[in-house]
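**Q** The structure follows.
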């Protein structure tokens, strides 16, 4: 299991303050470039999050140096085109699985988040950036293009025209510009980044089961016709109402007024 392998470049472990919050750490010095083993580990970690009944929020971090500088290009050159096409679908699938986990996810980005590293950040629900953060999809400058979700997720986050400009130029943006265009949701000092992201994630980790249903409904709004989206919403709010958390929250409001209930995640 990646969560118990201290040498693994991708590790999932509970936060020391609350085991309902997971920390997904990428650590492959010097710049956290993704080799083939890393691609497989992302897939395994994403599968474990989909199966988890404990974790309710996740912070994705690369530590204090770099978030992730993308794929290990030297390793890519060792692959035949057919093998590359096969392997690329592993990473693309892993990031899609991360994007659709039921937990609320926050990418805590310091240093470089380039290529696949940027695509990893794009797979999170929110992106918090340290002052040193740099975001970009520079694959076009290497004669290729983003292939792990970047062409699909970036337009949904920053808009179609802005996404085209960033992808077709390969331009790298600072933390402040990322905030201005909606690519980052918050910018803080590097030294405070992980603590700020964890504090926000803990709020979600201690929230109701309804969080996972609401996330699913909002994500579906981009892909489903309105009628189908409304049908999904109606089904999910009924599940929220029937849940222990739903009954607990509503009863708390009636009995004690508009104060925050304590939720159990079920």
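Every number in this text was worked out from the coordinates using simple rules, so none of it is lab data. Please read all numbers here as calculations on a predicted model, not as lab measurements. Reconstructed Cβ throughout: ideal geometry from the backbone, glycine too, with neighbour counts over all protein chains shown.
**Q** Please list, short to long, the whole-number percent of alpha-carbon pairs of segment 210-256 in consecutive 5 angstrom bins beginning at zero.
**A** 5, 23, 24, 18, 13, 10, 5, 2
**Q** Could you give the nm distance between label points at residue 131 and residue 232, where each point is 7 Å from its Cα heading toward the beta carbon?
**A** Going by the 7 Å Cα→Cβ label model, 4.1 nm.
**Q** Moving on. Once each part is reduced to its C-alpha centroid, what is the distance from segment 135-149 to segment 170-215 in angstrom?
**A** Answer, in whole Å: 23.
**Q** Does anyone have the angle between helix 193-205 and the longest principal axis of the chain? Alpha-carbon axes, 0 to 90°, nearest 10?
**A** On a 0 to 90 degree scale, this one is about 40.
**Q** Beta carbons within 10 angstrom, averaged per residue: use that to sort the peptides 97-108, 196-207, 162-173, 245-256, highest first.
**A** Going by the mean number of other Cβ atoms within 10 Å, highest first, we get 97-108, 196-207, 162-173, 245-256.
**Q** Helix-only mean residue ellipticity at 222 nm, the chain, DSSP H runs n ≥ 4 weighted -39,500 (n - 2.57), per residue, nearest 500. What is it?
**A** -14500 deg cm²/dmol
**Q** What is the chain's relative contact order, in percent, from Cα pairs under 8 angstrom and six or more apart in sequence?
**A** 16 percent
**Q** On a 0 to 90° scale, report how tilted helix 160-169 is relative to the longest principal axis of the chain, with both axes built from alpha carbons and the result rounded to the nearest 10.
**A** Approximately 30 degrees, to the nearest ten.
**Q** Counting other C-beta atoms within 10 Å, which of 50, 96, 66 has the fewest, and how do the rest follow?
**A** Ordered from fewest to most neighbouring Cβ atoms within 10 Å, 50, 96, 66 come out as 50, 96, 66.
**Q** What FRET efficiency comes out for residue 85 versus residue 156 if R0 is 22 angstrom and r is the Cβ-Cβ distance? Round to the nearest 0.05.
**A** Plugging the Cβ-Cβ distance into 1/(1 + (r/R0)^6) gives 0.35.
**Q** Between 0 and 90 degrees, rounded to the nearest ten: what's the tilt of helix 244-256 against the longest Cα principal axis of the chain?
**A** Helix 244-256 sits roughly 50 degrees off the main axis of the chain.
**Q** What FRET efficiency would be calculated for the residue pair residue 142, residue 36, taking the C-beta separation as r and a Förster radius of 22 Å, to the nearest 0.05?
**A** Once the sixth-power term is evaluated, E becomes 0.75.
**Q** Size of segment 81-139 along its principal axes in angstrom, Cα-based, largest extent first?
**A** 40, 29, 10
**Q** Restricting to the chain, what percent of DSSP beta bridges are antiparallel, rounded to 5?
**A** Roughly 30 percent of the beta bridges in the chain run antiparallel, per DSSP.
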